[in-house]
Amino acid sequence: MTTSADETGLHILVADADTAYQWRTVTTLAEPGVATDQWVGQACLTGSGRTAVAVYAPRQFTNRETLSNAGAFAAVVHLATGRVTKLPERYSLAYHNPGCGSGESVVLTRLELPATPAAGTDARTVLTTVDTRRTGGGRQVVTPGQVTSAIPVGQTIVAAKGAELVSIDRQGRLTTRARTEGTPFRLLPDGADDVAFQVARADTTDLVRYAGGELTTVASAPLGSVKLRPGADGRVFVVGGRSGARLAGRSLPTRWRSVDALPDSAVSRSGDLVVTRVRTGTEAARQGGGAGDGRPDRVAISAQLADGSDVAFSVAPTLDRQGRARTVAAGGSDDSSGGGTDARTSAADPDPATVPWDPDRSCAVPRNDENIQVYQPSREQMEWAANLAVRGQLTFQRPANWANNGLPAYSPQGMFPSLPLSGGGFVPAQVFLGILAQESNLLQASWHAVDGLAGNPLTSLGFYGLNLTNPDVTKIDWGHTDCGYGVGQVTTGMKRSDTDQWITGVQWDYTKQRAVALDYATNAAAGLRILQDKWNTTRDAGLIANNGDPQYIENWWFAIWAYNTGFYPQAGSQPWGVGWANNPSNPNYPPDRQMFLTAPLDVPDANPPVDDDIGYDNAKHPNHWSYPERVMGFAYTSLRRYNYSTGNYSPTYSTALERNKFVAQPTRFTFCVPARNACDPATSQVPGGHPGEPAGPCTRDDLKCWWNGPVTWTDCAINCGLETRRYTSVEPRPYATAIYDSQCGRAGLPDNALVVDDIDSANPLGPQGCARNHTRVGKFSFTYQGRPGPNGTTIYPGKVDTHQIGGGFGGHFWFAHSQASESSPHKVTGRWTTTNRLNGWATVMVHVPDHGAHTQQAKYTINTGQGVKTRYIPTRTEQHRWVKLGTYQFSNQAAQYVELTNITEDGKGVEDVAWDAVAFVPLAAKPRHFVVAMGDSYGSGEGAGGYYGETDNNYGNESWNACRRTNRSWQMLTRLPGSSSSIKDRVAAHDPNVDFQFVSCSGATAAKMRGTSTPGHWQSPPDTFGAYRLRAEGQFREMSQIESGALDGNTTLVLLSAGGNDAEFPRTMEHCAMESCDTPGYESTVQQRIDSSHHQVRQLIEAIAARAPNATIMLVGYPRLFADYHQDQCVFGRLTSSEMSMLNRLALHLRDGQRAMVDQARSAGLRVQFTDMVEGLLDHGTCRKYDTNHDILVPDDINGVVAGPEGEGDFRLVEGDSDAPCVGWITVGLQVCISRASFHPKDTGNVTYANAVTARLPAVGYN
């Protein structure tokens, strides 16, 4: 088992030896209503290996002391079934949590500080033992002080406290098992009754065993060079780069075994597979998207087998509803009903149920206000701002209405002047950049917005006042908000109650508040003042690091410490200084950790030296380091962020000039001095007020071991880092290049189209805003479901998951994530309404933006004033496009509107649903032709190329769509009676006499075309993509063709291709390519499959007739694939002449059967006709043999074998898809996938098809 994490959740991944270690997703753990750019966490396996227990939380929890100590969610995951049981309590994010035993029990801990009312006056550790075989929250005990690395052993808990191994009984009583020479950590079960663990001593780690009441040191190694890892049923693995050599000659305990691998590696239960690295797309561009695209990141797994050989795997994590269901708090209580509120409303405010922003918010600057569109800076722009800010150079003038932000002219550091530092000097640029990297990943706008575009402000998780230990969006509480904004997560001055107040020397008017939210440079200026103030506060109080010179990176330890967890001023004899949470000696951090973002295995004095370049993996679990350690790491190792211009992850800023960075860092016990802060790692001092209790590093049970004095740990003149500044002047300033843009013109619309946009402004709004190019003819509005809130208020949970982007038509669109239930608190409904009601026929078109629209099931409801129509469309167009929903008769006697919600049948809170613009196109009369194109790959245009993006994407994950519709399909090239222009050309010219709807899908069977039930894989996907592919094929996540809303009583013509997949013809082709098939028995078998398919197609025809009773249904048959005069061998020698002849005979059999079935249906009263494509394709099949005896000018209109992939939805080699049609006989020595385009009409073949259908239509009386 291993884990991976991204914005969609913590993925639990497993692989089994009996399936050749093919990785699959068991579940993805996340919480609805919690928006984050990254989930973090860890998991352990129970002794049987059947169950995993995980703790997980948003990355931002690691920046908050209370949330890191006691805010993580937890779940029990049954690996075989995928069943998820979410635990009601909250737990620690510390590296040692959870702790699995040798049986089926696990211990989860959390640290409650005195600030928690339930904790009394002293800090305490709450330990919960969960038996994973039973339901319920587990057995809980409470013990004073801080204990770590707890695991179940028999009926007790064994843990570490200070320099002691302790046991905790069911009443919470502590008993010292043994005293150690250093800090015990990383406790593991060693069989049923014994314990293995490590002890940190200065630069050495001891590998220790506690058995039979005795301690035994098994071996010692340089700190960080080896780590203990658990195996099955209490086995212990010693993992390290030279583990075998270090333990050579030693007698290991029976259940112990050495593994030569990187210390951070995960070992399988048997030890036969060692996972050395898990990556999530940080090295190369990912197919089909980048950061913040709402899809799980593909995971690359590097591993070693027992024989030492290296293997690599790749897996696309899947999402399931169980893992993303909301955790219910213990007791189900609502603790958010009390307290005051800063919420304010006025009589001038609009109805809050109809606007996406929050009139009653308590933070100053709203989300979801079209007038507040925040520009997303590029990495270069952010480094420029930070470089200039630290030298007070952000004094240039922003012009009025910069980036269309509506502000008057201002200067960033005119608003927020730089504070002089006590003692003089400047903030090193890399210290400031390290803080910004940790706070926001250098983002000013919401992480949904790409560089150069605009979105909502990047607000803290507390914007809505949710209880983050139980983030239920139905419990918005404006009285408990945390108003952090932008790249620096500036909270000072950012509440509504702060407006016009003087705070730390600045009068915070609303202009300044908006500037902090809107402008990255102003945010940097305000954030810098906070850091400068922390330097001054700590230095003036005597907390001086080393020689106190601010030019040195490491001398900023105390200011950074206070920036994160605050400074407790001196008050009499009470503890004061900087808090315990960020003290490196806090046992919540692993004692053998290396410097953040350096190689997990980095032992320069080893022989030979070990220095592995995979340190950036630390960023996946930042909770293993204190906040100052993380900032130091980011000072020397740049944050890696997705570069939208290059399509990969890359460094974002210049790093500090390092001299001796490892020597320059404080040690684990630098801030642990008994006389200074009651922290003593070396002695066993009894905590005051708790006689009989063992000692720990912090000897106070209230954990107020707060540091409050100067300390020197290195000679900064020699060892400490210095800043580097890439930008030293305002000009030349960097600019961002956005990979997306706005559509400001009316391209794609007829001249008489009436446009209703999603915002109503004649002037450009936001950096990519457009001046209105159309007459205002209506309005757009949202509807949110209100729920009772605290203090008699009404709250609107759907707004939490509403977002805006500065792109699309007119420079703005909205989006939310798809949900499955109409009763979901996240439900969002958007409505476009015309000012003047239409009366007569009109076409309705919707604009789909070039990004931010993902769902394949956008459900549009059209109220015509005389009835309601529904139309579903896929939306991942990846380009600006006006999409026609249909043509309808409107009546001005009742309300008219178009409506879209984020409720879909596959909704899991992941896929984007976008609201942009709608156009109504009045027509003089009813169109003559209402044409619907339905069918399989022969109808969609498979093989012709040029597929619409929304129908050809994401092979390898659950967002896959390979319907592969194209305007080169014969269904679009057909010419209707009375016109010499193709349907394609008439649609492009907005011909008022043609309404055309195209829903054909490559791979579709007749059963899937007419299906009316929800496919099970939409909500409960299989474990592997291979299994998912088989279920999704032919429909993917689109609504069935019959349910799409394309058919109705106005439909005049249905162009249909069906039956080939029902007859399993692709299977036949594959079989004949792999082995000899030209036998009478096999031919008879295929004929039987063909005969059985006719019933399925007949049912489809009947279903179409029921939905479109006035339509002529034209079933268009299939051709012979091979020319009559064909080669002796074809398809790379895989098909013989006799096999090709047999396949042609089967095509004739299919033609004859379909024609007979259509004749019977027509005799039964159905309006159905047949076009014979055996004759219609004119013997233009593939594998033609050319010689002097035959016409060499006859075209070859059918593709032979096409090497794939051809398009993003086409077959390709991916992990977990062993049954994909990939073979080794196309290119010698390589596995090449056979494209879906193989044995389908080329673009010339589609022309031939269209000619046959065009001739057939008037012949059957359609005109």
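Miscellaneous remarks
- Any hit, region 214-223, residues being in the same structural domain as residue 102 (by TED's automatic domain parsing), within 26 Å of residue 2 (Cα to Cα) and among the hydroxyl-bearing types (Ser, Thr, Tyr): no
- Scan of region 1229-1254 for residues that are in contact with a Gly (Cβ under 8 Å, 6 or more places away or on another chain), surrounded by fewer than 19 Cβ atoms within 10 Å (Cβ to Cβ) and either more than 30 Å from residue 983 (Cβ to Cβ) or among the small types (Gly, Ala, Ser) (or both), ordered by number: 1230, 1231
- Within region 231-283, the set of residues being under 31 Å from the mean Cα position of the chain (by Cα), small (Gly, Ala, Ser) and in a strand (DSSP E or B) comprises 266 only.
- Across region 843-852, the number of residues qualifying as crowded, with 22+ Cβ neighbours inside 10 Å and either closer than 19 Å to residue 920 by Cα or more than 19 Å from the chain's Cα centre (by Cα) (or both) comes to 6.
- Scanning region 537-555 for residues that are out of contact with any Gly (no Cβ under 9 Å at 6 or more places or on another chain) and in a helix (DSSP H, G or I) yields 537, 540.
- Flag if residue 507 is touching a residue at least 40 places away in the same chain (Cβ under 8 Å) and in contact with a strand residue (DSSP E or B) (Cβ under 9 Å, 6 or more places away or on another chain): no
- Selection within region 536-580 - farther than 22 Å from residue 64 by Cα, in contact (Cβ under 8 Å) with a residue 12 or more places away in the chain and of a type in the set (Gly, Ala, Ser): 541, 542, 545, 548
- For residue 256: the one exception among (1) closer than 20 Å to residue 149 by Cα; (2) in contact with a Ser or Thr (Cβ under 8 Å, 6 or more places away or on another chain): (2)
- Scanning region 1040-1058 for residues that are closer than 23 Å to residue 1013 by Cβ, among the hydrophobic types (A, V, I, L, M, F, W, C) and either surrounded by fewer than 24 Cβ atoms within 10 Å (Cβ to Cβ) or in contact with a Ser or Thr (Cβ under 6 Å, 6 or more places away or on another chain) (or both) yields one hit, 1042.
- Filter pass, residue 1237 being over 13 Å from residue 956 (Cβ atoms), of a type in the set (A, V, I, L, M) and part of a loop (DSSP other than H, G, I, E, B): yes
- Residues that are among the acidic types (Asp, Glu) and exposed (fewer than 13 other Cβ atoms within 10 Å of the Cβ) within region 306-330 comprise 307, 310, listed in sequence order.
- Scanning region 796-834 for residues that are assigned to a loop (DSSP other than H, G, I, E, B), out of contact with any helix residue (DSSP H, G or I) (no Cβ under 8 Å at 6 or more places or on another chain) and surrounded by 23 or more Cβ atoms within 10 Å (Cβ to Cβ) turns up 796, 802, 806, 807, 810, 811, 812, 818.
- Test result for residue 861, farther than 25 Å from residue 989 by Cα and in a strand (DSSP E or B): yes
- In region 900-907 there is no residue matching the filter, namely being in a strand (DSSP E or B), more than 21 Å from residue 800 (Cα to Cα) and in contact with a strand residue (DSSP E or B) (Cβ under 6 Å, 6 or more places away or on another chain).
- Residue check for residue 1216: among the small types (Gly, Ala, Ser), at positive phi, in contact with a helix residue (DSSP H, G or I) (Cβ under 8 Å, 6 or more places away or on another chain) and touching a residue at least 40 places away in the same chain (Cβ under 8 Å): yes
- In the set (1) more than 45 Å from the chain's Cα centre (by Cα); (2) in contact (Cβ under 8 Å) with a residue 12 or more places away in the chain, the condition left unmet by residue 1209 is number (1).
- Residue in region 427-440 that is of a type in the set (Gly, Ala, Ser), surrounded by fewer than 22 Cβ atoms within 10 Å (Cβ to Cβ), at pLDDT 95 or above and not assigned by TED's automatic domain parsing to the domain that holds residue 914 present: no
- Residues in region 900-914 that are under 18 Å from the mean Cα position of the chain (by Cα) and among the aliphatic types (A, V, I, L, M): 910, 913, 914.
Quick grid of which residues meet (1) under 19 Å from residue 1238 (Cα atoms); (2) surrounded by 19 or more Cβ atoms within 10 Å (Cβ to Cβ); (3) in the same structural domain as residue 948 (by TED's automatic domain parsing):
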residue	(1), (2), (3)
1121	yes, yes, yes
1127	yes, no, yes
1147	yes, yes, yes
1150	no, yes, yes
1165	no, no, yes
1179	yes, no, yes
1227	yes, no, no
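- Criterion applied to 430, 393, 413, 397 was being without any contact (Cβ under 8 Å) to a residue 40 or more places away in the chain and either touching a helix residue (DSSP H, G or I) at 6+ places or on another chain (Cβ under 6 Å) or not acidic (Asp, Glu) (or both), and the one residue passing it is 397.
- Condition check for residue 879: over 30 Å from residue 466 (Cα atoms) and not assigned by TED's automatic domain parsing to the domain that holds residue 1014: yes
Yes or no, residue by residue, for (1) surrounded by 24 or more Cβ atoms within 10 Å (Cβ to Cβ); (2) at pLDDT below 95; (3) closer than 23 Å to residue 375 by Cα:
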position: 446; (1), (2), (3): no, no, yes
position: 457; (1), (2), (3): yes, no, yes
position: 474; (1), (2), (3): no, yes, no
position: 498; (1), (2), (3): no, no, no
position: 538; (1), (2), (3): yes, no, no
position: 544; (1), (2), (3): no, no, no
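- Scope region 361-386; condition under 22 Å from residue 438 (Cβ atoms), assigned to a loop (DSSP other than H, G, I, E, B) and out of contact with any helix residue (DSSP H, G or I) (no Cβ under 6 Å at 6 or more places or on another chain); matching residues: 376, 378
- Tally, over region 13-24, of residues that are farther than 17 Å from residue 314 by Cβ and in contact (Cβ under 8 Å) with a residue 24 or more places away in the chain: 1
- Filter pass, residue 1203 being without any contact (Cβ under 8 Å) to a residue 40 or more places away in the chain and either surrounded by fewer than 20 Cβ atoms within 10 Å (Cβ to Cβ) or not polar (S, T, N, Q) (or both): yes
- Residue match in region 1004-1016 (condition: crowded, with 24+ Cβ neighbours inside 10 Å, modelled with pLDDT of 95 or more and closer than 30 Å to residue 746 by Cα): no
The values are calculated or read from the model by the stated rules, or taken from the named source; none is laboratory data. As the structure is a prediction and not an experimental result, all values here were calculated from the model. Because the Cβ atoms are built from the backbone with ideal geometry, glycine has one as well, and the counts that use them run over all protein chains shown.
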